[in-house]
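The values are calculated or read from the model by the stated rules, or taken from the named source; none is laboratory data. Values in this document were obtained by computation on a predicted structure and should not be read as measured data. So basically every Cβ, Gly included, is an ideal-geometry build from the backbone, and we count neighbours across all protein chains shown. For accessibility, only protein heavy atoms count, side chains too; no ligands or nucleic acids. Shrake-Rupley method; radii C 1.70, N 1.55, O 1.52, S 1.80 Å.
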Amino acid sequence: MSSQSRREKLSPWPKIHRELNRVRTQLQSPWSTLGNALISAKQNAEYRRELGKRIEAARETYTASPISQIADSFMLVRIIGNDLEPRHRKGQSFDNVLFILDNEPVFDACEKF
């Protein structure tokens with residue numbers, strides 16, 4: 001008997017039971033049902049559809065605005081904490097930042113602060 005014919009003779013209930021257990025785990029509720037999972041999936045699909053529409057509208061609004069004609073730029077901001085003695089010597093954080101600024105390459109359209 002081939003494995004395929006064995007699969008055909010198996011009851012569908014174990015598969016349904018596994019799916020219900022997966023749904024319960026996914027929805028994190030012991031009382032979840034397949035119907036609840038379908039409702040949740042439908043709500044999720046509607047949310048994603050609406051989100052896609054909002055993203056597309058935002059893109060269209062941006063491309064129509066005058067700010068979209070300005071070249072993109074960015075700023076690199078470093079926030080440096082205090083020296084942690086005895087792990088660091090006094091002034092080590094400041095020296096590290098100076099080393100980074102002196103040795104790091106220049107980025108196009110980037111300000112460093």
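Solvent exposure of the range 38-112 amounts to 92 Å² per residue of accessible area, where only protein heavy atoms count and the probe is 1.4 Å. Solvent-accessible area assigned to carbon and sulfur over the range 32-113 amounts to 59 percent, based on a 1.4 Å probe. Applying 1/(1 + (r/R0)^6) with R0 = 22 Å to the Cβ-Cβ distance of Glu111 and Ser65 gives a FRET efficiency near 0.45. A straight chain from Ile100 to Tyr47 at 0.36 nm per residue would run longer than the Cα-Cα distance by 14.6 nm.
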